[in-house]
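These notes concern the structure reproduced below.
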Amino acid sequence: MANDRGHWTSRAGFVLAAAGSAIGLGNLWKFPYLSWENGGGLFVLVYLICVACVGLPIMVAEMLIGRKTQRNPVGALREAVGPGWGWVGGLGVFTGFVILGYYTVVAGWSLQYFWKCLRWTFGGFVPGTASGESFEAFLGNGPLQVTLAAAFLALTAWIVYGGIGGGIERASRILMPALFGILVLLLLRALTLPGAGQALAFTFVPRPESFRPLGALEALGQAFFSLSLGMGAMITYGSYLGRRESIVRSAAMVVVLDTLIALAAAVIMFSVIFTFELADRITGSTVGMLFMTLPELFYTRLPFGQFLGPLFYVLVAFAALTSTISLLEVVVSCVIDERGVSRPAAVVGCSAATFGLSVLCALSFGAWPALADLQLFAGKRGLFAHLDHLAANWLLPCGGLAITLGAGWFMTREATASELLDEATPRWFSYGLWRFFIRYVAPLAVAAILAAVVRGKDFS
Ligand code: TRP
């Protein structure tokens, strides 16, 4: 069975694909935005602690469970942890479906803005076409929103259809190096702007006064989201991994790459904000920065912007695509393994189901007022915001908590050690330390933050 499931052709291929899953809109859009809203430095520090103490151990746990069992999250948890654990995998697959539903909508915008930028670069920029009103009009254009989400989903499905080595790995080998190259270019441009110093200070110097306690939950949720943890994405990718590769090394590389790219994106955004004194213009708007402020700047004020504009949206599209691929693969692998369906049929069926949810999200920005005004979680408005909040702040941390408990308390020491310790294991790795983190530190941290928020909510 392990043989017909497909596999990565090399470790580099696996690392690129897993890093592709992790690096996405979460890094480019959510991390800078959350860091900005939470006052910079201290939030970034809490985020880094979450990544190191919770993210890395769980990344290792997910990959090891996947490789050990060579199964999708439902089958993998059932086999590795115990018969009653299939539902944790099921919850993960459901979470993947939810995230995919709203993620494709923002991902689709990158296609539209890439096209717009090409027109501006070659046909001249028309003042006002990147303004707030034109963005609002774009959001409210239901048919266009649905078309873009469908296009992005179709692109994703096409790659997942190609399977592991020939589809996902091949795409990652092209998309990821391109993404790194573009990001370095943008970073160089940003660091030579006059506001770069202020941006670096804002990002890296902790200032307690601007931090809200709720920010800790957001940092934790963001760590899960950004690293693609808590829903079995890394179980799924790990399940296509051969026995020779070191899980620890691969996991560490993915975590480091993802974190560096999130920090780079934040520094880029903040340099632009400080240089052009945009601080008042961007508060309260999650996506405004990427789709309103930046395009206008590229064409009106930023030297070399004509050239960087289209490249920037290629970056967003590529980053999003390698993530939607991984989200769809989680759902598809579950349907293939658990239902015995063929890959082509599973891809078509899962994409169609996702499209149903995407349509609702695509219309929730104005085209369908009831969805746009929906209120459930305090401070959030609209279906899109609710799904994002539900997935990142509740489903992923809960899934992650279950996975740490499963790997730390329900799997034996022998079962995990045999996957982690071999000749390929890097010398710096201490199994005892990992086990301590996965048994005590990670679950307590997740539980404490969740508990604090639940209590906080009740009191408010
Ligand atoms: N990590 C991706 C990002 O940062 C989003 C993502 C892809 C994801 N696959 C996932 C999140 C699986 C959670 C689980 O944009």
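The values are calculated or read from the model by the stated rules, or taken from the named source; none is laboratory data. Just so we're clear, the structure is a prediction, and the values are computed from it rather than from any experiment. Cβ placement follows ideal geometry from the backbone for every residue including glycine, while neighbour counts extend to all protein chains displayed. Heads up: the accessible areas ignore ligands, DNA and RNA and are worked out on the full protein's heavy atoms, side chains in. Shrake-Rupley method; radii C 1.70, N 1.55, O 1.52, S 1.80 Å.
Placing unit charges on the Cβ atoms only, positive for Lys and Arg and negative for Asp and Glu, gives segment 227-374 a dipole magnitude near 400 debye about its Cα centre.
Placing +1 on the Cβ of every Lys and Arg and -1 on the Cβ of every Asp and Glu, with no other charges, gives segment 1-113 a dipole of roughly 260 debye about its Cα centre. The slack between GLU414 and ARG427, meaning 0.36 nm per residue of separation minus the straight C-alpha distance, is 2.7 nm. Extension gain, ALA151-ARG301: 0.36 nm per intervening residue step, less the Cα-Cα distance, totals 50.8 nm.
In order along segment 305-322, the phi-based Karplus estimate (6.51 cos²θ - 1.76 cosθ + 1.60, θ = phi - 60°) of 3J(HN,Hα) comes to x, 3, 8, 6, x, x, 4, 4, 6, 5, 4, 4, 5, 5, 4, 5, 5, 5 Hz; Gly and Pro are listed as x. Please state the shape class of segment 266-409: rounded when a/c is under 1.5, otherwise prolate if a/b exceeds b/c and oblate if not, all from the C-alpha gyration tensor. Note, shape of segment 266-409 comes out prolate. The string of couplings for segment 247-254 from the Karplus curve (6.51, -1.76, 1.60, θ = phi - 60°) is 5, 4, 5, 4, 4, 4, 5, 5 Hz, one whole number per residue in order, with x for Gly and Pro. The string of couplings for segment 362-369 from the Karplus curve (6.51, -1.76, 1.60, θ = phi - 60°) is 4, 8, 7, 9, x, 5, 10, x Hz, one whole number per residue in order, with x for Gly and Pro. What you get for the chain, charging only the Cβ of Lys and Arg (+1) and of Asp and Glu (-1), is a dipole of about 560 debye around the Cα centre. With a/c under 1.5 counting as rounded, go ahead and sort segment 177-229 into rounded, prolate or oblate using the C-alpha gyration tensor (a ≥ b ≥ c being the square roots of the eigenvalues; past the cut-off, prolate if a/b is larger than b/c, else oblate). It comes out oblate by the Cα gyration axes. With a Förster radius of 25 Å applied to the C-beta separation of LEU444 and ALA370, the computed FRET efficiency comes to 0.05. Shape verdict for segment 216-269, please, from the Cα gyration tensor: rounded (a/c under 1.5), prolate (a/b greater than b/c) or oblate. Oblate, since a/c reaches 1.5 and b/c is not below a/b. Per residue, the chain exposes an accessible area of 38 Å² to a 1.4 Å probe, with every protein chain left in place. If you sort LYS30, LYS380 by accessible surface, 1.4 Å probe, largest first, the order is LYS380, LYS30. Ranking PHE437, GLY123, LEU302 by Cα position along the charge dipole of the chain, where only Lys, Arg, Asp and Glu carry charges on their C-beta atoms, puts PHE437 farthest toward the positive end. Mind pulling the angle between the C-alpha long axis of helix 11-22 and the longest principal axis of the chain? Nearest 10 degrees, somewhere in 0 to 90. With both axes taken from Cα atoms, the answer is about 60 degrees. In degrees, nearest 10, range 0 to 90: what is the angle between the Cα axis of helix 396-405 and the longest Cα principal axis of the chain? The angle comes out at about 20 degrees.
For the chain, what Kirkwood radius comes out of the mean inverse Cα-Cα distance, in Å? Computed over the chain, the radius equals 22.2 Å. Roughly what angle does helix 86-123 make with the longest principal axis of the chain, taking Cα atoms, 0 to 90 degrees, to the nearest 10? Tilt of helix 86-123: around 30 degrees. The share of accessible area on segment 35-108 that comes from carbon and sulfur is 71 percent, using a 1.4 angstrom probe.
Each Cα pair of segment 185-283 feeds into the Kirkwood radius, which the Stokes-Einstein equation turns, at 10 °C and 1.306 mPa s, into a diffusion coefficient of 99 µm²/s.
Surface composition of segment 248-330: carbon and sulfur make up 66 percent of the accessible area, probe 1.4 Å.
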